[in-house]
């Protein structure tokens, strides 16, 4: 199990932007340190819409300052490509046709009018990432999640 950080984008990016972002991120990560100790980390872009950064081993996990530096640098990298990060006021759903971001304050009303299909999967940030299981482990069925329990304004 390993720590990870996600940076969801408001829009789907193209292959050229993906390449530029991964190159700049990899360059930063190759020099990323916490209190003089190198942090071994990697990066991927999932579904052309989420920058996923993960520790490659359970060595140095980073300090508050090094994590702040990571977040600042990622914001700078994405700004160069005019990419806006979706903030934590949104949940991330995976549908058949891609990702959808729903504002937390609108979850119940969106469920009640059928805009969030139960077949959707929720990006669950409480899951510890196991690199051997792949990224799909982070997306869980809505019916087995806190989201299902939270929303009571729809038919079961």
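The values are calculated or read from the model by the stated rules, or taken from the named source; none is laboratory data. Because the structure is a prediction, the values reported are computed rather than measured. Here Cβ is always computed from backbone atoms with ideal geometry, including for glycine, and neighbour counts include all displayed protein chains.
Here residue 36 meets the list (1) under 19 Å from the mean Cα position of the chain (by Cα); (2) free of Cβ contacts under 8 Å to residues at least 12 places away in the same chain; (3) farther than 23 Å from residue 127 by Cβ; (4) exposed (fewer than 12 other Cβ atoms within 10 Å of the Cβ) almost entirely, failing just condition (1).
Looking at 103, 75, just one residue is modelled with pLDDT of 90 or more and over 16 Å from residue 13 (Cβ atoms), and that residue is 103.
Checked against (1) touching a residue at least 40 places away in the same chain (Cβ under 8 Å); (2) within 14 Å of the chain's Cα centre (by Cα), residue 124 meets all criteria but (1).
None of 127, 116 is surrounded by 15 or more Cβ atoms within 10 Å (Cβ to Cβ) and in a loop (DSSP other than H, G, I, E, B) except 116. The single condition among (1) touching a strand residue (DSSP E or B) at 6+ places or on another chain (Cβ under 9 Å); (2) at pLDDT below 95 that residue 80 does not satisfy is (1). Taken together, the criteria place residue 43 among residues that are in a strand (DSSP E or B) and either farther than 21 Å from residue 140 by Cα or free of Cβ contacts under 8 Å to residues at least 12 places away in the same chain (or both).
If we scan the stretch 137-149, do we find a residue that is touching a residue at least 60 places away in the same chain (Cβ under 8 Å) and either under 23 Å from residue 10 (Cα atoms) or part of a loop (DSSP other than H, G, I, E, B) (or both)?
Kept after step one, since they are touching a residue at least 60 places away in the same chain (Cβ under 8 Å), are these residues of the stretch 137-149: none.
No, that holds for no residue.
Can we say residue 68 is in the same structural domain as residue 27 (by TED's automatic domain parsing) and under 21 Å from residue 2 (Cα atoms)? In short, yes.
Considering each of 22, 99, 51 in turn, give the residue that is in contact (Cβ under 8 Å) with a residue 12 or more places away in the chain, within 15 Å of the chain's Cα centre (by Cα), buried (at least 18 other Cβ atoms within 10 Å of the Cβ) and not assigned by TED's automatic domain parsing to the domain that holds residue 139.
Among 22, 99, 51, only 51 is in contact (Cβ under 8 Å) with a residue 12 or more places away in the chain, within 15 Å of the chain's Cα centre (by Cα), buried (at least 18 other Cβ atoms within 10 Å of the Cβ) and not assigned by TED's automatic domain parsing to the domain that holds residue 139.
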